[in-house]
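Nothing in this text is a laboratory measurement; each read-out follows from the coordinates by a stated rule. Every value quoted in this text rests on a predicted model; they were computed, and no experiment measured them. When we count neighbours, we look across all protein chains shown, and the Cβ atoms used for this are built from the backbone with ideal geometry, even at glycine.
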Amino acid sequence: TLPLLGYWLTGLFDLDEGFYGAISREMLRRGDWITPYYNGAPWFEKPILVYWLTAPSIALFGEDFGPRLPSALCVLGLYWVTWHAVRRRYDDLTANLATLMLASSLLVVACGRQLMTDMPLVLAVFAAIYSFWRSLTDDPKWRLVTAFWLGVSVLAKGPVGVVLFFILAGSTYWREPELRPKFAKYWGLGGLIFVAIVATWYMPAYLNN
């Protein structure tokens, strides 16, 4: 957590940070949680999740501490999922070392110190991959958790997370034939969960605009 300390000491200097911060403040001012606005006009460059996370954080913690807090929390969540994934496969020491290596990554730390869409996307995709692995090695019902996180990834940054996930899942199916029978269950219910999560914003946004 040490590299994340002090993220609130500098203003929003990246161009995208400025957009996301201004849109989140406008969301609070208007009370419209469906249509993002920038300079009075609808702004659909990115999906809604970054604003749904940032606007309440600004409201609760102010203009300095609030805007980047969701990214920092997503990084901490990524550390937590990483630790659990590695610990389940190996042991505590390996999990600690893997998490420390991740925490020392300059790119991960930098993204965790900025108001960006990247860390919510990374957390959602990694949680989807981890839960899918659990569905193959433990209980197939974990696939429903995978569907939830894939839906969150779409709210974070569009379909890119789903594409990455299915590339990995397809590669696993091809390279690990002994796991193929375990691919069979919960795709239908998982698909409904995925659609329900995505529809929480895309449906009302479509209807309103």
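Conditions tested, residue by residue: (1) crowded, with 20+ Cβ neighbours inside 10 Å; (2) more than 16 Å from Trp201 (Cβ to Cβ); (3) touching a residue at least 24 places away in the same chain (Cβ under 8 Å).
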site	(1), (2), (3)
Leu115	yes, yes, yes
Val122	yes, yes, yes
Pro140	no, yes, yes
Ala147	yes, yes, yes
Leu155	yes, no, yes
Gly158	no, no, yes
Leu164	no, yes, yes
request  = For the stretch 162-209, name all the residues that are of a type in the set (Ser, Thr, Tyr) and touching a helix residue (DSSP H, G or I) at 6+ places or on another chain (Cβ under 9 Å).
outcome  = Thr172, Tyr173, Tyr186, Thr200, Tyr202
message = Of the conditions (1) farther than 25 Å from Trp133 by Cα; (2) in a helix (DSSP H, G or I), Leu93 satisfies every one except a single condition; which number is it?
response = (1)
message = Against the condition among the charged types (D, E, K, R), more than 26 Å from Thr137 (Cβ to Cβ) and either over 18 Å from the mean Cα position of the chain (by Cα) or surrounded by fewer than 19 Cβ atoms within 10 Å (Cβ to Cβ) (or both), how does Arg88 come out, does it pass?
response = no
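Here is a yes/no grid of residues against (1) crowded, with 16+ Cβ neighbours inside 10 Å; (2) among the small types (Gly, Ala, Ser):
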site	(1), (2)
Gly62	no, yes
Ala72	yes, yes
Tyr79	yes, no
Thr94	no, no
Met101	no, no
Ser105	no, yes
task = Starting from residues that are buried (at least 20 other Cβ atoms within 10 Å of the Cβ) and of a type in the set (A, V, I, L, M, F, W, C), keep the ones in the stretch 21-51 and report whichever is farthest from Ala199 (Cα to Cα).
result = Ile23
